[in-house]
């Protein structure tokens with residue numbers, strides 16, 4: 001099962017500024033698919049570096065609306081992005097040091113109404 005990020009966005013939680021340093025570990029995780037493939041084989045760092053087979057995600061990053069906060073949760077000692085990696089890449093590429101985020105307490109992730 002997956003979390004329903006659309007429902008999580010509606011939770012009445014504050015939007016806070018989070019240091020990008022706490023999220024940059026995501027740049028080395030394969031979270032997307034390279035152009036023309038059907039596999040989790042593309043990292044945000046490859047998109048930032050404009051490597052081959054990243055044009056689709058370069059376009060999504062360019063069009064990402066950074067007015068909306070990313071959705072994150074804390075797992076062990078890290079923040080984990082549930083929704084908003086394209087926005088993270090865009091904010092980082094613009095030289096920002098923080099990003100707007102809504103931090104979802106882990107208890108919500110176990111609730112049936114926030115799963116899909």
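The values are calculated or read from the model by the stated rules, or taken from the named source; none is laboratory data. Just so it is clear, the structure is predicted and the values come from calculations on it, not from any experiment. No Cβ is skipped: glycine too gets one built from the backbone with ideal geometry, and neighbour counts run over all protein chains shown.
Data for the structure
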| read-out | value |
| --- | --- |
| Filtered residue count, the range 31-73, keeping only those that are exposed (fewer than 14 other Cβ atoms within 10 Å of the Cβ) and either under 12 Å from the mean Cα position of the chain (by Cα) or on the phi > 0 side of the Ramachandran plot (or both) | 2 |
| Every residue from the range 80-115 that is more than 21 Å from residue 42 (Cβ to Cβ) and in contact with a strand residue (DSSP E or B) (Cβ under 7 Å, 6 or more places away or on another chain) | 97, 98, 100, 101, 102, 103, 104, 106, 109, 114, 115 |
| Which listed residue is more than 20 Å from residue 5 (Cα to Cα) and touching a helix residue (DSSP H, G or I) at 6+ places or on another chain (Cβ under 9 Å), from 74, 87, 97 | 97 |
| Tally, over the range 33-52, of residues that are under 17 Å from residue 23 (Cα atoms) and part of a loop (DSSP other than H, G, I, E, B) | 1 |
| Search result, residues across the range 1-27 that are surrounded by 11 or more Cβ atoms within 10 Å (Cβ to Cβ), modelled with pLDDT of 95 or more and part of a helix (DSSP H, G or I) | 20, 22, 24, 25, 26, 27 |
